[in-house]
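The structure appears right after this line, and notes come after that.
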Amino acid sequence: MRPVLQRLFAGLLGASAFWVTLGLVVRTPAAVPETDRLWVVGAQAFEDGLYDLAYRELGRFAQAAPADPRHGDATFLRSKAALAMGRYAEALAGFQAAETDHLRVITPGEPIFWQGEALFRLRRFEEARERYSLFLRGYPKSPYADDALYARGFSELELGRAGDGLASLNQLLREHPDSELAATAAYTVARELVRATRWADALPLLSSYGSRYPGSRYLADMRYLLGAAQMETGRAVEGVRTLQQFLATDPAHDLAPTARLLVAEAQVKAGRTREAIEQYQALVRYAPTHPHAPQALYQIGELSQRLGRVGDAETAWTTIMRDHPQHALAGTAGLATANLHVKRRQFEQAMEVARTVAEARGGERLEALLLLGESALQVRKNADAERAYAAAVAEAPAGSLERFRGLAGVGLVAEVQREPQVAKRAYREIIQGAQDAELVRWAKGRLQSLEVRQVPPRETPKALPNPKPKPAQKPSARP
């Protein structure tokens, strides 16, 4: 609950307690009227945050003294206790009734303001906005004006009226710069501008936030947003520096993994590959279960391979498959790992990884089946190769490159198994339908060789080079 509730009725309690104490000067304690006792106990309980006690005792007071001058104040304070207890509908009814009650020690217009508060908590945002607006029109100098602007802004944001919401919060910042709500309002404005990718508009507010609100609990968040905004507005060097300061100050912050990803991406663009790897490694080390961890691991693998550190690449990609098997990058990492094994002529290991990827039945299944078939063929596991290529042909879309590559594999297996007619049919289908010129030339060569020799060779024919795995989609690290 906002600090506004903590400011309730300091004046009310003081005035009423004084009034009762004055009566006690000429009475013995036993002569204190029950209604006075109920009033003091209820008001003090509210001040102490004992809202259930305040609600009960003030209710008893209102029933016992319907003509008491404090009746309206007690009912109004009881409604505030109901609000604090989460009994919003009851609080709303009390605040609505209070508009016609005689209230002695509240600021003008408070019933309207508190109706807005109850409506906001009931998630009746349109009605809440109307109450706050009415209050602000009638009582612009009220001590609750900053609260009303703040709450109206959030009501408008909840209604999807971002422009109005930002206008209300900016009005709060202009007219009440020293409000205890200003820091949160400024953070909210900056966050909404970032969400709308209005980076240039957000930058001035982000740049000055630390000096304007040095004690804000949002300082770290705003430093992160400042770094992101600097990057988005073409100030990459400043952005990296700001984000590195953020990471040095708040390494365990929820936004730290995203900040590391942004810094790493900038370093890759600047050609600082080793520095980028260090950031990715830090992300995985400090936040191994973060949603960005698989992306960081994949980039570690890709960049390590670029530097010739094949072992590091394999370790990173294997970690994705082991620790994040359901992630979209698991299949891509598996294909990259299998291709590493193929390059090292570790065909048994390549088969194992490719089979795992294929069995996951993700978007990489066809590529994995083709790689499985190629690896199996190289170690003369012809039955495995035949099954993999046949599955690829059956599952690939008609006319697709994957289908014709599968047919090429079918032909190669048929040659090895001395089934020339099966091989010829596969090659002729490639020649007649494939759009890939290199594959067509290869199939013509295989077919011509079979026509000339009629008898297939005993050695394993060489398959087409397996293409590199498709590049992984890089999810945006932007907020």
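The values are calculated or read from the model by the stated rules, or taken from the named source; none is laboratory data. The structure presented is a predicted model; accordingly, all values stated were derived computationally and were not measured. FYI the Cβ positions are ideal-geometry reconstructions off the backbone, even for glycines, and counts take in every protein chain you see.
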Inset, instruction - Report, by residue number, each residue of segment 28-43 that is assigned to a helix (DSSP H, G or I) and over 21 Å from Pro111 (Cα atoms). - result: Pro29, Ala30, Ala31, Glu34, Thr35, Asp36, Arg37, Leu38, Val40, Val41
Inset, instruction - Report yes if some residue within segment 369-383 is within 21 Å of Leu439 (Cα to Cα) and in contact with a Ser or Thr (Cβ under 8 Å, 6 or more places away or on another chain); otherwise report no. - result: yes
Legend entry - Test: Arg123 is assigned to a loop (DSSP other than H, G, I, E, B) and either in contact with a Leu (Cβ under 9 Å, 6 or more places away or on another chain) or surrounded by fewer than 24 Cβ atoms within 10 Å (Cβ to Cβ) (or both): yes
Inset, instruction - Take the residues in segment 239-271 that are surrounded by fewer than 16 Cβ atoms within 10 Å (Cβ to Cβ) and not polar (S, T, N, Q), then tell me which one is farthest from Ile320 (Cα to Cα). - result: Arg241
Inset, instruction - Pick out, from segment 300-361, the helices (runs of 4 or more DSSP H) lying fully within it that include 2 or more residues that are within 30 Å of Gln267 (Cβ to Cβ) and touching a Leu at 6+ places or on another chain (Cβ under 6 Å). - result: 310-323
Inset, instruction - Kindly state which helices (runs of 4 or more DSSP H) lie completely within segment 219-279 and contain at least 1 residues that are without any contact (Cβ under 8 Å) to a residue 40 or more places away in the chain, basic (Lys, Arg) and under 26 Å from Val189 (Cβ atoms). - result: 219-232, 236-249
Inset, instruction - Go through the residues of segment 113-129 one by one and say whether even a single one is touching a Gly at 6+ places or on another chain (Cβ under 9 Å) and either modelled with pLDDT under 95 or of a type in the set (Val, Ile, Thr) (or both). - result: no
